[in-house]
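All remarks here apply to the structure that follows.
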Amino acid sequence: MKKFIPLLYCILLAMPHLWAQSTDEKCGYKLQHDNALARNPNFDKEVAAYKASLAKNAGIALKTSVAHTVYVPVVFHVVLNSTQITDLGGASGIIEHANSQIQVLNEDYNRGNADSTKIPSAFKPLYASVNIKFALAGIDPNGHPTNGIELVMTSQSSYDITSAHPALNAKLTDSGGASSWDYTRYVNVWVIAPSPSGTIGLTCPPSYCIGSSPTFYLSEMGVIISYHTFGRKLHPGDFFLTDQALGRTLTHEMGHYFELLHPWDSSETIQDTPPQCSYIYGCPSFPHTDACSPVYPGIQYMNFLEYTNDSCMQMFSHDQDSVMYATVSPGGESYNLTLHPELLSVPGNAVTTSSAYPNFSIYPNPAKDIIEIAFDSAPTDLQNILVLNMMGQVVKQIHTFPQSKSVISIDLSGISKGIYFVQCQFATSKDTRKIVLQ
């Protein structure tokens, strides 16, 4: 018995370490990186050389001098079996989750998340707006209208993300999945059932797929998330993971797409997130310290690149903001994503060119309450003015206006902030313009 007690004591001491080894990492970024490094010993050097070749300093300078919001189109490739599609509420439920996911991204990347009040005062000055906004694609690569969602029913129950090319079958139409859309114009997001199930997100960023000898295919570029974490949990019956029910798995993974590392791996590039020895699960109490940040204020566990629960993530830091914004600035690897506003058009409302109506402009844009539509001359054949949301739904319609005037004012004070489209319908044609309400 006396020999048994010391043995039991040693086992108890070892249990936390054993548990740590068996716990799955919720993000597959390290898994993918280590796999790539094993196949290509020069992987890290090649990625670093590629990043160094980009004109990122110009992007950072632009961000610090001009708070200019950029917009990028997103397509969701939903590759699930019939049971999993039912878990999300069918096709209509998937549309709901897609819209809620875009809303979450726009809140989290633009200081719009209501739970920012939970950020401790010690870290609140570092709370940043990235000035990147996301919208579902309205036009597909072939120029056809789309709702930004590609739904593919598969017979597979899950896709392996531990292989050399994670879940590749889900990313290829020829293999029963959904091939990526033009990576220079869209951010591709695959919603699948990953295996092992403990990993709920994985990103192949541009730096892994572009360069002189990339380790991953261009067709892999984009984000994978578990369907259990797709957008917000909207209904009691939604089959969602309890701790990841606020849509922040994609917030986290999109950070990787724009070249962020985890806080415990990014001490060389990110100076305003305190050092930490490893990832943090759950929902710690403030201040939370470890051997790498042993004193107040401790670890910035509420960072979106952490492993904490969705309800305990609330912020990006300013240095993270600069890294991400640089990728979508002139010279950045994802700058092209910001150059195609036509892809955000409302389905079926493509711009029609015609000499039957005068040219016009809309200002201010972005706007707050009132917009002015200014025509080159009085629009005598103007019949309707519609304001539509991103889903193509009419939120305001005007039939009567003084057609003898070349400037028409429209009050939008009762409409929520976001991206909208103003469509002027003439006797024989129509023209649609995008506006932003702030």
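Read-outs throughout are calculated quantities, based only on the coordinates presented, and are distinct from any laboratory measurement. Everything numeric in this text was worked out from a predicted model, so none of it was measured. Glycine gets a Cβ as well: all are built from the backbone with ideal geometry, and neighbour counts include every protein chain shown.
A few points about this structure:
- In this label model, Gln393 and Ile415 are separated by 1.4 nm, measuring between points 7 Å along each Cα→Cβ vector.
- Cut-off 12 Å between beta-carbons: net charge of the residues surrounding Leu386, Lys and Arg +1, Asp and Glu -1: +2
- DSSP-loop chymotrypsin sites (Phe, Trp or Tyr not before Pro) across segment 141-202, with at most 10 other Cβ within 10 angstrom: none
- Label zone at Ser429 (point 7 Å along Cα-to-Cβ), backbone N below 12 Å, segment 392-413: none
- Subset of Lys171/Lys434; Lys26/Lys417; Lys133/Lys417; Lys396/Lys430; Lys133/Lys430; Lys30/Lys233 violating a 21 Å alpha-carbon distance limit: Lys171/Lys434; Lys26/Lys417; Lys133/Lys430; Lys30/Lys233
- Here the extension length gained between His68 and Ser197 equals 42.6 nm, from 0.36 nm per residue of separation less the Cα-Cα distance.
- Contour excess over end-to-end distance, with Cα ends at Ser406 and Ala374 and 0.36 nm allotted per residue: 10.9 nm
- GNM on the chain, alpha-carbon springs under 10 angstrom: the most fluctuating residue among Ser82, Ser416, Ser116 is Ser416.
- Identified option (computed P(r) over Cα pairs in 20 Å bins from 0, in percent; candidates [x] 25, 59, 16, 0; [y] 21, 44, 24, 10, 1; [z] 23, 53, 20, 3, 1, 0): [z]
- At full extension, Ser92 and Ser267 could sit 58.7 nm farther apart than now, given 0.36 nm per residue minus the alpha carbon distance.
- Using just its DSSP H runs of length 4 or more, each adding -39500 (n - 2.57), the chain gives a mean residue ellipticity at 222 nm of -7000 deg cm²/dmol after division by all residues.
- Packing rank of 86-99, 300-313, where each peptide gets the mean count of other beta carbons within 10 Å, highest leading: 300-313, 86-99
- In terms of its Cα atoms, segment 354-437 spans 32, 22, 20 Å along the principal axes, sorted from long to short.
- Relative contact order, percent, segment 354-437 [alpha-carbon distance under 8 Å, six or more residues apart]: 34 percent
- When the Gaussian network model of the chain links Cα atoms closer than 10 Å, the mean-square fluctuations of Ala137, Ala374, Ala178 top out at Ala374.
- Within the listed set Thr117, Thr289, Thr249, the Gaussian network model of the chain (springs between alpha-carbon atoms below 10 Å) gives the highest mean-square fluctuation for Thr117.
- Per-pair calculated FRET efficiency, R0 = 41 Å: Tyr217 and Val295 via Cβ, rounded to 0.05: 0.35
- Relative contact order [Cα under 8 Å, 6+ residues apart], the chain, whole percent: 16 percent
- Net charge, Gln276 excluded, C-beta distance under 11 Å - Lys, Arg +1, Asp, Glu -1: -3
- For Tyr183, net neighbour charge (Lys/Arg +1, Asp/Glu -1) across residues whose Cβ lies under 11 Å away: -2
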